[in-house]
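Below is one structure, written out as structure tokens, with a few remarks after it.
The values are calculated or read from the model by the stated rules, or taken from the named source; none is laboratory data. Treat the numbers as computed from the prediction; the structure is a model and nothing was measured. Surface accessibility is based on the protein's heavy atoms, side chains included, excluding ligands, DNA and RNA. Shrake-Rupley method; radii C 1.70, N 1.55, O 1.52, S 1.80 Å.
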Amino acid sequence: ISSYSQSKIEKYFESENYSSVIETLKEKERTTPLNLKENEYLALSHFYNNDYASAYPYFKKLMDNSEFINKYKYHYSHCVKAMGEELLGNKLLKEYYSSLNNNTYDKNFDDIEVIKRLGDRFKISNQKKLNTEYSDMFSLDYENRIYIASTRPNNLLNSKKYKWNGQPYLDIYY
């Protein structure tokens, strides 16, 4: 990438225009290997868009470099878990929290163990009619209707898109 392009990518990233960072670097990657800084931008752009599976290979490359291990172990642990390696992800997360010299990890996992001990009192399921690939926030029950804010596209008002993830602006649905 030329210095102009590198500067452009940095501007995209600094302005949280992650979809443009991803698009630009994926285009470059088709013809030329990415350097560490570009891997970092791509990993973080995918991560900040909650696309941990896409962020995974880029964080994995960063973990091969000692400069990045402690800096991104937290992020990488979540990507590893998204790839189905929950035990390894938890191990990495524990290492990360141990390096901070606090008990945040232990408290969070104690809470999870309490929930697990409740047994079958709760059923967790994916409600496909409600959950979408878009950003959905279920937040309000009003007069026996559930109101959500979502970036689901459905009309002309949603033609504008957020730059960081390329999704339409939020709208309210019931």
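The table below gives the values:
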{"quantity": "Linear extension gain, GLU143 paired with SER98, 0.36 nm per residue minus alpha-carbon span", "calculated": "11.5 nm"}
{"quantity": "Residue-normalised accessible area of region 1-79, given per residue in Å² at a 1.4 Å probe", "calculated": "54 Å²"}
